[in-house]
Structure formats: C-alpha cells, structure tokens
1. May I ask for the distance between the Cα centers of segment 148-163 and segment 165-191, given as a whole number of Å?
2. Within 10 Å, count the other beta carbons around each residue, average over each peptide in 196-202, 172-178, and list them highest first.
3. List the lysines whose Cα lies under 20 Å from the Cα of Lys80, skipping any in the same chain that are fewer than 8 positions away.
4. Please give the Cα centre distance for segment 86-105 versus segment 235-284, rounded to the nearest Å.
5. Using the per-residue mean of other Cβ atoms lying within 10 Å as a proxy for protection, in what order, highest first, do the peptides 146-154, 242-250, 48-56, 204-212 fall?
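Derivation of every value follows stated rules applied to the coordinates shown; laboratory data play no part. Remember, it's a predicted structure, so these values are computed and weren't measured experimentally. Counting neighbours? That spans all protein chains shown, and the Cβs are built from the backbone with ideal geometry, glycine included.
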Amino acid sequence: MLTHAKLFASPDEGRSHSRPWIKNPSVVTASGIWMDLTMFGRYPAANYFTDGTPLAAQALRRSTFGGLDHGEDKGSDFRKFLQGVTVCSTTAAAAMPLRVMDYLLYYPLIPMEDTQEMDNTVTLPRYEDGKGVQIMLVEQFPYIGGGTVQITYTNSDGVAGRQTAITTINTQTALGTIAHSGPATAGLSGLFMPLASGDGGVRSIESITFPVADSGNLAAVLVKPLMPVGNYEVTNPSEWDGLRDLGMLEQIQDDAYLSLVCQPVGSLNGAIIEGQIRTLWVEV
C-alpha cells in the first residue's frame, strides 16, 4: 500500500534520484505562445521529431531517444514518482510557466494542406488506454500562419471518428512553436488541441485536415501532462515539490520520455534555462 510514510522515507532510504537539465533556445519567441523545449539543446539533446516515416506514428522511449534523466526502470516491484522540479533562468522572458510531460509518440513531417491520413501501425507505448493523453502540434518547418486545422482521432474510450474543434494556426515562424497556441488571436486553443465534448484523452490520430491550407510542416505529438511548474523569480531558482505545492505525485512509467514545454513572456533567443528533476520510488 502506498502511504505518506513510505514516500517521506524514500530519500532517507536511498530511493531517490536527482539530475540536472539545461536548455538553450535559439529562436525568437513571443509572449504567451507555448514553446516545446524538446527541440533545443543542450542537455538532454534536442529532438526534432523527424525520425521515422512522415505521417507514421513513432513511439518515444527514454532507452531510444533520451529525454530528461529520471533514473532507471523499476519494474513491477516499485512505483516511481516525479517528486519535484527546480527551474532557473536570469532571462526576464523566462519568468514563465512550464510543464513536465511524458511524450508518448509523434507523427512527423505533416504537410499543412488537404487531409493527411496517419499510419498507426505503432501504438501508444505507455498510457495505452489514452486516458489523460493530449495532442500538441509542434512547428518543424516555418509556416506563414493564419491557416486552420482539425484533427480526427480515437478517444480514450476507443471511439473512432472523434474530432477537435477547427483551430487557427498562429503566425510565429519559430522552430518548436506550439502551432495552435497564442494569447490574443481568435480561434487559437492554447497548449493542447481542444478535444470533443466529454472526451478524456486520445489513443491515436486518424487524420489531420487543413480547411485553410498553409506552408511548412508540423509534428503531431501525443503527451501525458505530469507536473505544472514555473520560473517566477529571475534572480533565484524556483523549486517545486509535488506533495507540498500540488498535493499529489504523478507516477513515471518505465522507459518514459520526459520533456518540457514553456510559455515565455518575450524572446528566449539565447536564454539559458536550467534546473533539476527529482524522482523517488516506493515498494509496491
């Protein structure tokens, strides 16, 4: 049985892990538009979501793609949790919210025109039922902006043919931009594509339609959000603890590919954003 006593005892008993991370964005960003730090170095290495066949699902695993270092797999005898995250940057635009997420799979190099049919030979490697899984469209090659997009997907109940709202693409032509996010333009959705009413997650994407076409390419990424954090003081690190600040700990599944998104308040070009990720595990 999982108890608070077991959780609190984990660090004293050597069942904890702490590793640094550091990212160095190299593009001009704008206030209020979410960015995927996965696409920037330095540690862990950048991942541009280009491996694999265009439009075909590619599973993401720590053992093959890297991501944030959350420690070794624990098997069936232990459960690993994301204990906390530290964030630090002296760049004013990096006083911002961030999220740690489990990146499950992606569909690479999607042309922004007509209807694109996805290949789902590869399925979700974790959270196989799709509960809580969300969709992000990440800019891979520059677009003009102002186009629209709608996604047809299978939801977490296994119902096919579900559709997101028709959503507008922003005009930020920067690598790693979450294409449907923004603070002011009508028709934008924020960090995730808006699922159909009543849907609690996504198992797979069936197709993506662009009612108003655009140039460029997107990657559609399926993610499971784990912990919202933030960097709100540019002269000191911001330290987040799951139990203390959120009242909960999210489990990290074996071989999970973890990474970060952020919502800057200006340009992050040349910024150094760094911190630590802390995990602990308890015996089942």
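1. Centre-to-centre distance over Cα atoms comes out at 19 Å.
2. By packing density, highest mean first, the sequence is 172-178, 196-202.
3. Cα-Cα hits under 20 Å: Lys6, Lys131, Lys224.
4. Each part reduced to its Cα centre gives a spacing of 7 Å.
5. So the peptides 146-154, 242-250, 48-56, 204-212, ranked by packing, come out 146-154, 204-212, 48-56, 242-250.
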